[in-house]
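What follows is calculated from the coordinates using simple rules that are stated; it is not laboratory data. As the structure is a computational prediction, the values presented were derived from the model and not from experiment. As a convention, Cβ positions derive from the backbone with ideal geometry for all residues, glycine included, and neighbour counts pool all protein chains shown.
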Amino acid sequence: MAGGIATRLAAREQVPSAAAITESAVVRWMLIGTGLVFLGLFLVTPLVAVFAQAFAKGVGVFFAAHWEPDALAAIRLTLLVAVIAVPVNTLFGVVASWAIAKFNFVGKNVLLAIIDLPFTVSPVVSGLIFVLMFGRQGWLGPWLEAHDLKVIFAVPGIVLATVFVTFPFVARELIPLMQAQGTEEEEAARVLGASGWKLFRRVTLPNIKWGLLYGVILCNARAMGEFGAVSVVSGHIRGATNTMPLHVEVLYNEYNFSAAFSVASLLTMLAVVTLVLKSVVEWQNNRQRALAAKPAAQE
């Protein structure tokens, strides 16, 4: 009882008074108006422009641009790359996060720096790195050519470039989450005799599921929309190595604006779906935290 009273008093002390955080109505409306204007200019207006241009010549032209053979090949390739890159990065993110958050080992800071590397390197530069490694004149180029293996200007190079630029997303969502949760529950489960797999499935995974899903959504969005690194390693071969962003560029450079914006609108819809899923995950995560906090507040 005394502990519950002390907890409530401490919580009240940490909450600032309403007078300390409430601004005048004029300031509030100015801030809200500035935010709405910014969103309108830099988010809503471009979205409206994309769909307006996509439907400028009618619905028939819009759908015809998607059923064109090169467009279908670009869509299939984009989905294929995402299907490969996202699970690979999910597995890497979970393993790396587990190791960094739950254990101390030599080279931990080096691993953290490597995870952040794609955030600091330009995608175009990362694509050039793969060209230097796997291109015909690259380090491994002669060996690959001798064994009739093609990486650059082929699907494997696109997959490698996409994996590189997207692998921090899952790990960077899970590392702070796992560090905040600590190791007490895992240690208790281990003492009670849980195996490594059961420990992960019954204890760790339920605690990180929303953060994991959030990271997967972001990783998938970047994988489908990546342009810079993929542009360098793809070779822009129509119907073979063009992903959807590259296909949009090709159509636009050919002054086929309606088709370009039609394919771009599909990418835009994928982005909107990603934002909706992201918001749902955030809402569900906040709701779960609030439900978990209620029993503690009632003590």
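Here are some notes:
- Residue among 224, 269, 30 with the largest mean-square fluctuation in a Gaussian network model of the chain, springs linking Cα atoms under 10 Å: 30
- At 1.567 mPa s and 4 °C, Stokes diffusion of region 200-278 via Kirkwood alpha-carbon radius, µm² per second: 90
- Proximal lysine pairs, the chain, alpha carbons under 25 Å, eight or more residues apart or interchain: 7
- Where labels lie 7 Å past Cα in the beta-carbon direction, separation of residue 257 and residue 143 in nm: 5.0
- With a cut-off of 14 Å between beta carbons, the residues surrounding residue 195 carry a summed charge of +3, where Lys and Arg count +1 and Asp and Glu -1.
- Rounded, prolate or oblate (a/c below 1.5 giving rounded, otherwise prolate when a/b exceeds b/c) for the chain by Cα gyration tensor: oblate
- Three-way shape label, region 27-152, alpha-carbon gyration tensor, a/c 1.5: oblate
- With the highest mean first, a sort of the peptides 279-286, 133-140 on other beta-carbon atoms found within 10 angstrom per residue produces 133-140, 279-286.
- Inter-part distance where region 225-253 and region 130-173 are each reduced to a Cα centre, Å: 16
- When each of the peptides 37-47, 111-121, 258-268, 165-175 is scored by the mean number of other C-beta atoms lying within 10 Å of its residues, the order from highest to lowest reads 165-175, 258-268, 111-121, 37-47.
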